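Below is one structure; the comments refer to it alone.
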Amino acid sequence: MAEGFDKRDGWIWMDGSFIPWKEANTHIVTQGLHYASAVFEGERAYKGKIFKSKEHTKRLFRSAQIIGIKIPFSEEEIENAKSELIKKMNFNNCYVRPVVWRGSKQMGLSTNNADIHVAIAAWDDWHSYFNEEDRLKGLSLITSPWKRPAPDTAPFEAKASGPYIICTMSKQFAEEKGYNDALMLDYRGYVAEGTGANIFFIKNNDICTPIPDCFLNGITRQTVIELVKNKGFNLIEKHILPSEIDKFDEAFLTGTAAEITPIKSINNISYNVGNNSIGYELMNDFTELVNSTL
Ligand code: PMP
């Protein structure tokens, strides 16, 4: 495995200017680090241009607003910073990670006087969030013991760092048991999503996906909904019980990092994968789409 992300070379946009990658540091006594007082984005550029860049920037600002942060830059400045960074890094296809956090001026839980910082990093070696081999074979999932909380317990529409500990613990649980990822249920017991991606199920011409009423309505999820509707599938958003998921023929995850990744099993339920599956076809359609809308 290569060295840590902090040991790389290149540039990071931080608080308004480009600084050498290794110098993009923050102090250990930082509110954002201690209390997860932070929001972030995950974006992907294809052929040098970020897919749905403006949508990601809008979500970053909305996430910040939800947790009470006012970003000290305009959306346009962030848009420009992202594209400048990709050029400066000489990247074609890459992953882009903006992050906004409360700094060191205030170390209680109070947000009064907190200083706000913004940084953007990019890297080009996340070809997929899941490795290529696992993606082609399909992923194995196990149900997580951790649940997506109720909308009045955590800010589900914000891509806020705090709630990600639920995803981290679920992912750790799954990997320790030899699975690729975890299926997360919500506080009511309905099927919600993967640890960092939304979930879809297929039965004949019906494509079903849970209603995003307590988890992120992913930008990829919205793109895939349009895509499958345009292909003539019957798209159904509904609450799905874990006891219903053995009725489906196929399943897949969607997310900026995961793109479309077929699922081969959830617990002891198997799904169709491979060249002849609908999931495989959608994976290729998605690749074509993100590379053509540029
Ligand atoms: N759910 C979670 C928990 C995620 O982290 C992500 C990735 N941002 C998604 C869903 C999918 O969102 P998007 O398609 O916007 O990347």
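For the reader, a short list of remarks on this structure follows.
- Column: log10 I(q)/I(0), Debye, Cα scatterers of region 199-294, q = 0.18, 0.19, 0.25 Å⁻¹: -0.81, -0.91, -1.59
- Considering only Pro210, Pro20, Pro155, the Gaussian network model of the chain with Cα springs below 10 Å gives its largest mean-square fluctuation to Pro20.
- Relative contact order of region 5-123, pairs being alpha-carbon contacts under 8 Å that are 6 or more residues apart, as %: 34
- Folded to 0 to 90 degrees: helix 219-230 orientation relative to the chain principal axis, Cα: 40
- Reference-scaled alpha-carbon Rg (2.2 N^0.38 Å with N residues) for region 5-123: 1.04
- Relative exposure of Asp6, Asp206, Asp186, judged by other C-beta atoms within 10 Å (fewest first): Asp6, Asp206, Asp186
- Magnitude of the charge dipole, region 5-123, Cβ model with Lys/Arg +1 and Asp/Glu -1, debye to 20: 360
- Of Leu227, Leu60, Leu141, the one that fluctuates the most in a GNM where the chain has Cα springs shorter than 10 Å: Leu227
- Proportion of all alpha-carbon pairs of the chain beyond 35 Å (%): 19
- Viscosity 1.567 mPa s, temperature 4 °C, Stokes-Einstein D of region 50-181 from Kirkwood C-alpha radius, µm²/s: 75
- Principal-axis analysis of the Cα atoms of the chain puts helix 164-176 at an angle of about 50° to the longest axis.
- Cβ-based net charge around Ala114, under 15 Å, with every Lys or Arg adding one and every Asp or Glu removing one: +1
- Per the Kirkwood formula applied to alpha carbons, region 163-206 shows a radius of gyration over Rh ratio, Rg over Rh, of 1.04.
- With distances taken between every two different alpha-carbon atoms, region 126-255 has a Kirkwood hydrodynamic radius of 15.1 Å.
- Expressed to the nearest 5 percent, the antiparallel share of DSSP beta bridges inside region 132-292 is 60 percent.
- Rel. contact order, % - alpha carbon contacts under 8 angstrom, at least six apart, the chain: 17
- Against the chain, whose longest principal axis is taken from its Cα atoms, helix 75-88 shows a tilt of about 90°.
- Candidates Ser110, Ser161, Ser170: whichever shows maximal mean-square fluctuation once the chain is modelled as a Gaussian network with Cα springs under 10 Å: Ser110
- Residue exposure sequence - Glu157, Glu176 - by fewest surrounding Cβ within 10 Å: Glu176, Glu157
- Whole-number percent relative contact order across region 33-80, with pairs defined as alpha carbons under 8 Å at least 6 apart: 33
- Here Trp126, Trp11 are placed in order of increasing Cβ neighbour count within 10 Å, fewest first, which gives Trp126, Trp11.
- Centre separation in Å (Cα based) which lies between region 101-151 and region 221-285: 23
Bear in mind these aren't lab numbers, they're just calculated from the coordinates by the rules spelled out. No experiment lies behind these values; they were computed from the predicted model shown. Ideal geometry is used to build each Cβ from the backbone, glycine not excepted, and the neighbour counts take in all protein chains shown.
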